[in-house]
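Below is one structure, written out as structure tokens; comments come after it.
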Amino acid sequence: MSNDDRFDDAPISRRRFFQLSGATGAALALPGNATAATTSGKFTEEYEYVLNHTPADHAVPTLVQFDDADGPAAMEAAVGTEVITTTEPEPAAYGKLTSPQARAVADLPEASTFQFAPGSNPFWRIGYYPLGVFPEPRRSVDYIGFEQLKDGLEVLERRYPDRIRVKNVGRSPGHYNNATDREDPKGMYVAELTNFDSETDFEDKENVFFSCSLHGLEMASRETAARVLENVARSSEKDVIDDEEKIEPYLDDAVVIMGFTNPDGWVARNPQYDSSWQLNIDDVPFAPLHERGNAEVFDTNRQYPIVGYLRPSHFPAQPNDPKSSEEETPSFVHEKVPDAKALVDFFSTYENLNYGADLHGGPTFN
Ligand SMILES: [Zn+2]
């Protein structure tokens, strides 16, 4: 089954989709001080906060649901810019809206609910994946968002229970969430990709770990990992032709483990979180950036045991001796780098973790 076939089945406009994905990057949500005071009973609390903390010349990724099938077209007419519409599984539309545009759409009687919808797939908020759970980049409307990743991993695990299992192994320190007024630690997600039905026991397989985007602004590896998980798992489906099965047979003897190692640095770009202070850019007080470290401003790249320059301080779970007990873990580890410790603890349970790659990438400053 080719991707074109998948697209042809989708009841959304191909032309509009490509136009919008071509514009990606030009209209991203920016965090900042309150810039507007647009309210509506149709906005979720999160959406209203984000909308009112995004500068006027930027736009918010918005998913609007409608009570009526005519709603999406009415939204297009109301905003005068491109939107992606669908009637399945319900009338909805995705667009990047400014505050006045959101106001205009909220005035439509057909519009029912507005949600903040950052991510690569326009309709993940309503559980609709016509182009795949993680569409390929040219069919994506933005970078993959952390909340979208959580949603997508759950879908993949449900869809391919014999190939993908997802674990939340701990928590990040967490930014303060200004929209909900509370601390907001994020889960540490690890996805195991293997053939869980193969004759070789899980414990006896070779385990290969990929740490993805440990630096939050180096997004290439998390963008890749999510798509590799989906594409390899999908190649186990019966309608896949032989030459698309090149990787899948290796899953009889190997486990590929994708770890999403810095959720704090990933979500820092959303307006609910104070951002960029760790970058120390004086004239950009709230720059709209993913961040290198976690919310405690620790560069966790320095917190993992690694072959090479081993120092006692590089063992977050076992600071003085790799075989020392839990009690010897210094308090700063629990307070500042619980994300790194969670992963170290988790991987100490594996039998055959013999290979690993720490995937970084060029930083993206937008
Ligand atoms: Zn890096």
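The values are calculated or read from the model by the stated rules, or taken from the named source; none is laboratory data. Just so you know, these numbers come straight off a predicted model, no measurement behind them. Counting neighbours? That spans all protein chains shown, and the Cβs are built from the backbone with ideal geometry, glycine included. Side chains included, ligands, DNA and RNA excluded: accessible areas come from the protein's heavy atoms. Shrake-Rupley method; radii C 1.70, N 1.55, O 1.52, S 1.80 Å.
Looking across the range 178-197, just one residue is of a type in the set (Gly, Ala, Ser) and either within 16 Å of the ligand (Cβ to nearest atom) or modelled with pLDDT under 95 (or both), and that is ALA179. Among residues belonging to the range 173-184 that are in a strand (DSSP E or B) and free of Cβ contacts under 8 Å to residues at least 40 places away in the same chain, point out the one that is surrounded by the most Cβ atoms within 10 Å (Cβ to Cβ). The extreme case among them is GLU183. When the test is whether a residue is open to solvent by less than 70 Å² (accessible area, probe 1.4 Å) and assigned to a helix (DSSP H, G or I), VAL141 does not pass it.
Within the range 209-227, can you find the residues that are more than 11 Å from LEU359 (Cα to Cα) and either at pLDDT below 95 or open to solvent by less than 20 Å² (accessible area, probe 1.4 Å) (or both)? Residues satisfying the conditions are GLY216, LEU217, ALA226. So for the range 122-137 (the condition being open to solvent by 30 Å² or more (accessible area, probe 1.4 Å) and modelled with pLDDT under 95), does at least one residue qualify? Within the range 122-137 (the criterion being open to solvent by 30 Å² or more (accessible area, probe 1.4 Å) and modelled with pLDDT under 95), the answer is yes, since at least one residue qualifies. The set of residues in the range 275-303 that are within 16 Å of the ligand (Cβ to nearest atom) and either modelled with pLDDT under 65 or surrounded by fewer than 19 Cβ atoms within 10 Å (Cβ to Cβ) (or both) comprises GLN278, LEU279, VAL297, ASP299, ASN301, ARG302. When restricted to residues that are under 16 Å from VAL208 (Cβ atoms) and within 16 Å of the ligand (Cβ to nearest atom), the range 344-366 contains 4. Among the conditions (1) without any contact (Cβ under 8 Å) to a residue 60 or more places away in the chain; (2) within 23 Å of HIS53 (Cβ to Cβ); (3) surrounded by fewer than 19 Cβ atoms within 10 Å (Cβ to Cβ), the only one that ARG103 does not satisfy is (1).
Yes/no matrix, rows are residues, columns are (1) in contact (Cβ under 8 Å) with a residue 24 or more places away in the chain; (2) closer than 15 Å to GLY259 by Cα; (3) surrounded by fewer than 18 Cβ atoms within 10 Å (Cβ to Cβ):
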position	(1), (2), (3)
GLY152	yes, yes, no
ARG158	no, no, yes
LYS186	yes, yes, no
PHE196	yes, no, yes
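The set of residues in the range 144-157 being in contact with a Pro (Cβ under 7 Å, 6 or more places away or on another chain) and outside any helix (DSSP H, G or I) consists of GLY145 alone. Would the range 189-205 turn up any residue that is farther than 20 Å from ASP358 by Cα and in contact with a Pro (Cβ under 6 Å, 6 or more places away or on another chain)? Looking for residues that are farther than 20 Å from ASP358 by Cα and in contact with a Pro (Cβ under 6 Å, 6 or more places away or on another chain), one finds none in the range 189-205, hence no. On inspection, GLU203 passes the criterion of being open to solvent by 70 Å² or more (accessible area, probe 1.4 Å), more than 16 Å from the ligand (Cβ to nearest atom) and over 19 Å from the mean Cα position of the chain (by Cα).
Taking the criterion of being closer than 16 Å to ASP142 by Cβ, hydroxyl-bearing (Ser, Thr, Tyr) and open to solvent by 30 Å² or more (accessible area, probe 1.4 Å), the only residue of the range 46-97 that qualifies is THR81.
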